[in-house]
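The values are calculated or read from the model by the stated rules, or taken from the named source; none is laboratory data. Please read these numbers as outputs of a predicted model, since none were measured by experiment. Neighbour counts are summed over all protein chains in view; Cβ atoms, including those assigned to glycine, are modelled from backbone coordinates with ideal geometry. Ligands, DNA and RNA are excluded from the accessible area calculation, which covers all protein heavy atoms including side chains. Shrake-Rupley method; radii C 1.70, N 1.55, O 1.52, S 1.80 Å.
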Amino acid sequence: MLQAILYDLDGTLLPMDNDYFTKVYLSMLAKTAMPWGYTDPEALIRAMWVGVKAMVTNDGTKPNQKAFWDTFSHVIGKDASGDEEKFNDFYTKGFMDAKAATGEAPLARKVVELSRQKAEHVILATNPIFPPVADASRLSWIGLKMEDFDLVTDYCNSSFCKPNPDYYRAILDQFGLDPAQCLMVGNNVTEDWQAAAAAGIPCYLVTDHIINPEHVPITCPNGSYEDLAAYLEQL
């Protein structure tokens with residue numbers, strides 16, 4: 001039995017074209033936020049992206065949540081931290097309409113339940129740039145809950161992001177895991193395979209929505225969603 005199986009969410013458990021989904025969801029957020037005083041949609045989206053960059057480059061000295069809101073506030077030109085609950089409310093309500101920009105995942109529950117039989121821990125290693133409520137919403141679209149995982153990384157409980165290998169090392173340290181006895185399942189060559197490998201974690205790449213802009217030759221185990229289920233069966 002493995003010590004842990006880690007899963008990426010967007011593009012892996014939750015089928016989607018990341019670029020299209022992000023465009024749809026940010027457009028929804030910008031429209032929702034106009035009554036909150038964010039009357040320039042382009043300025044809001046620009047500030048969001050700079051905030052995301054602050055999280056991706058976070059060096060572990062602060063939670064991603066603080067890295068985001070400090071940077072977002074600086075770019076937008078006001079202390080926006082007081083609006084966090086409004087954003088969270090969006091992620092539990094209006095954000096749900098973004099499900100239309102994702103695909104169906106009839107095997108999601110099966111592979112997670114199968115992983116429970118194959119590993120001591122099952123972890124949702126989604127890039128921690130969202131608040132927990134946004135992770136819960138996206139999981140609900142594929143019939144899963146936060147409680148289905150021993151850990152869901154989010155911007156509150158994480159101080160690193162993919163593709164920093166320290167993101168994976170922090171998870172390993174939290175559970176006292178031997179990386180060689182774990183498996184990362186993802187769809188992004190850089191963030192899921194190469195970053196996990198740098199932390200010593202083997203990877204399985206789901207190729208249905210593979211992200212490989214540099215066309216790196218894939219030498220780790222890989223295949224479709226259906227292939228993943230068969231791979232897990234054989235572990």
Are there any pairs, at least 6 apart or on different chains, whose C-beta atoms fall under 8 Å, with the first in segment 16-32 and under 12 Å from Ala98 (Cα atoms) and the second assigned to a helix (DSSP H, G or I) and among the acidic types (Asp, Glu), and if so, which?
Met28/Asp97
Scan Tyr25, Tyr38 and give me the residue that is modelled with pLDDT of 95 or more, part of a helix (DSSP H, G or I), hydroxyl-bearing (Ser, Thr, Tyr) and out of contact with any Gly (no Cβ under 6 Å at 6 or more places or on another chain).
Tyr25
Test: residue in segment 103-116 that is modelled with pLDDT under 95, over 20 Å from the mean Cα position of the chain (by Cα), outside any loop (DSSP other than H, G, I, E, B) and within 30 Å of Asp173 (Cβ to Cβ)
no
Considering only segment 44-102, state which residues are of a type in the set (A, V, I, L, M) and over 21 Å from Tyr25 (Cβ atoms).
none
What's the number of the condition Asp135 fails, among (1) open to solvent by 20 Å² or more (accessible area, probe 1.4 Å); (2) of a type outside the set (Ser, Thr, Tyr); (3) not in a loop (DSSP other than H, G, I, E, B)?
(1)
Regarding Thr61, is this residue over 19 Å from Pro132 (Cβ atoms) and either assigned to a helix (DSSP H, G or I) or open to solvent by less than 50 Å² (accessible area, probe 1.4 Å) (or both)?
no
Lone unmet requirement of (1) open to solvent by 50 Å² or more (accessible area, probe 1.4 Å); (2) within 18 Å of Ser158 (Cα to Cα); (3) free of Cβ contacts under 8 Å to residues at least 40 places away in the same chain; (4) not hydrophobic (A, V, I, L, M, F, W, C) for Gly51:
(1)
Of the residues in segment 139-151, those that are out of contact with any Ser or Thr (no Cβ under 7 Å at 6 or more places or on another chain) and within 28 Å of Ala100 (Cβ to Cβ) come to Leu139, Ser140, Ile142, Gly143, Leu144, Lys145, Met146, Glu147, Asp148, Phe149
Suppose we filter Met1, Met96, Met16 for residues that are in contact with a strand residue (DSSP E or B) (Cβ under 7 Å, 6 or more places away or on another chain), of a type in the set (A, V, I, L, M) and surrounded by fewer than 20 Cβ atoms within 10 Å (Cβ to Cβ); which single one remains?
Met1
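Here's the yes/no breakdown for (1) closer than 16 Å to Thr57 by Cα; (2) without any contact (Cβ under 8 Å) to a residue 24 or more places away in the chain; (3) surrounded by fewer than 20 Cβ atoms within 10 Å (Cβ to Cβ); (4) under 16 Å from the mean Cα position of the chain (by Cα):
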site: Cys156; (1), (2), (3), (4): yes, no, yes, yes
site: Tyr167; (1), (2), (3), (4): yes, no, no, yes
site: Asp173; (1), (2), (3), (4): no, yes, yes, no
site: Gly176; (1), (2), (3), (4): no, yes, yes, no
site: Met184; (1), (2), (3), (4): no, no, no, yes
site: Asn188; (1), (2), (3), (4): no, no, no, yes
site: Ala198; (1), (2), (3), (4): no, no, yes, no
site: Asp208; (1), (2), (3), (4): no, no, yes, no
site: Cys220; (1), (2), (3), (4): no, no, yes, no
Take the conditions open to solvent by less than 20 Å² (accessible area, probe 1.4 Å) and either part of a helix (DSSP H, G or I) or over 30 Å from Tyr231 (Cα atoms) (or both) and apply them to Asp83. Does it pass?
yes
Val52 vs. criteria out of contact with any Cys (no Cβ under 8 Å at 6 or more places or on another chain), within 26 Å of Tyr168 (Cα to Cα) and of a type in the set (Val, Ile, Thr):
yes
Is it true that some residue in segment 136-147 is touching an Asp or Glu at 6+ places or on another chain (Cβ under 9 Å), within 19 Å of Glu191 (Cα to Cα), of a type in the set (A, V, I, L, M) and in contact (Cβ under 8 Å) with a residue 12 or more places away in the chain?
no
